DNA sequence: TTGAATGCAAACGATTTGCAAACAC
DNA sequence: GTGTTTGCAAATCGTTTGCATTCAA
């Protein structure tokens, strides 16, 4: 079921502002801060309120349709989730984000940590930062931005 | 060289407020938010300002003497760094933090991610959350807090 | 029709900045 | 003495809340 169907089946409503936020996020190739989503969204939905963007994001987060990440500039950015549990890697130059599946690879590490610390791990936050292939190529070639 | 010597050698000054912040962090067994450091610090240094706590924390962070972590309550908490690169695991019940070395275990995962995404990884944020041994024991035993 | 969702204004908490006074060196 | 650091007040930033209005179902 798509997100619209899922909302309806929960007794929640499919509204224009919610569609706009989803559309903006769908078109984004990097994590967007709430005010960026608002600015882009207002171009198509003139009266969109920043408050509604925040409320929509927390709704989408509750359903795990978006993921919140920490950006290099200190802001929070939002990304559409792909299926399953995944982690993000963000390019420090262009901001572009990619996802990678993480749970499996972390299994051994988590087991080690549990054994050495005595803690029982129930959630984790893993986020990588680096340079994407394009930005690396650009830098090697000495091209200006 | 200790932190006081290091500060001096950089032309920076060893002041009472900075000592207080370091002392509070040294005595903490969980990540403290700036206002918590301020509250505890004021007990020994009456005129300590919250602003000074913030400025001291960013100074200490610049020297990698403290680490900033994300707490379950959404606040930022600060922890004294131990030697070397390490990651934190925080108990969701009592807030107690433990560290574990992470770089080595993450090496394989990072190599995989680089291969599959084309990114070059240069930094990572890994933070685990769970339950420490004491809190697990307490819960199993059904003891009240 | 009816409860959910919106948008505004205002409140809010965390963090930063301008500046004169205080202090380490 | 000199330049760093402090603490206050106020500004700023990101985010949330109260409330009357609008809207999806």
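One table, with the values for the structure above:
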| quantity | calculated |
| --- | --- |
| Selection status of residue B:62, more than 9 Å from DNA strand D (Cβ to nearest atom), away from every other protein chain (no Cβ under 14 Å) and either within 22 Å of residue A:68 (Cβ to Cβ) or modelled with pLDDT under 95 (or both) | yes |
| Failed criterion for residue A:51 (all others in (1) within 11 Å of DNA strand C (Cβ to nearest atom); (2) modelled with pLDDT of 90 or more; (3) not in a helix (DSSP H, G or I) hold) | (3) |
| Enumeration of residues in the stretch B:8-23 that are at pLDDT below 95 and surrounded by 12 or more Cβ atoms within 10 Å (Cβ to Cβ) | B:8 |
| Identity of the residue in the stretch A:73-84, loosely packed, with under 13 Cβ neighbours inside 10 Å and away from every other protein chain (no Cβ under 14 Å), that ends up farthest from DNA strand C (Cβ to nearest atom) | A:84 |
| Residue that is nearest to the other protein chains (Cβ to nearest Cβ) [pool: residues in the stretch A:37-48 that are within 8 Å of DNA strand C (Cβ to nearest atom) and either in a helix (DSSP H, G or I) or in contact (Cβ under 8 Å) with a residue 24 or more places away in the chain (or both)] | A:48 |
| Of all residues making up the stretch A:88-106, the number that are under 29 Å from residue B:89 (Cβ atoms), within 10 Å of another protein chain (Cβ to nearest Cβ) and either outside any strand (DSSP E or B) or at pLDDT below 80 (or both) | 6 |
| Matching residues in the stretch A:4-30 - criterion: being away from DNA strand C (no atom under 12 Å from the Cβ), away from chain B (no Cβ under 14 Å) and within 23 Å of residue A:69 (Cβ to Cβ) | A:23, A:24, A:25, A:26, A:27, A:28 |
| Residues satisfying the stated conditions in the stretch B:107-136, i.e. in contact (Cβ under 8 Å) with a residue 24 or more places away in the chain and at the interface with chain A (Cβ under 7 Å from one of its Cβ atoms) | B:126, B:127, B:128, B:129, B:130, B:131, B:132 |
| Positions within the stretch A:56-69 being touching a helix residue (DSSP H, G or I) at 6+ places or on another chain (Cβ under 9 Å) and surrounded by fewer than 18 Cβ atoms within 10 Å (Cβ to Cβ), in sequence order | A:59, A:63, A:65, A:68 |
| Residue check for residue A:70: closer than 24 Å to residue A:134 by Cβ and either within 14 Å of chain B (Cβ to nearest Cβ) or near DNA strand C (Cβ under 10 Å from one of its atoms) (or both) | yes |
| Conditions (1) assigned to a helix (DSSP H, G or I); (2) over 17 Å from the mean Cα position of the chain (by Cα); (3) surrounded by fewer than 12 Cβ atoms within 10 Å (Cβ to Cβ): number failed by residue A:26 | (2) |
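The values are calculated or read from the model by the stated rules, or taken from the named source; none is laboratory data. This is a predicted model, so every value here is computed, not measured. Glycine gets a Cβ as well: all are built from the backbone with ideal geometry, and neighbour counts include every protein chain shown.
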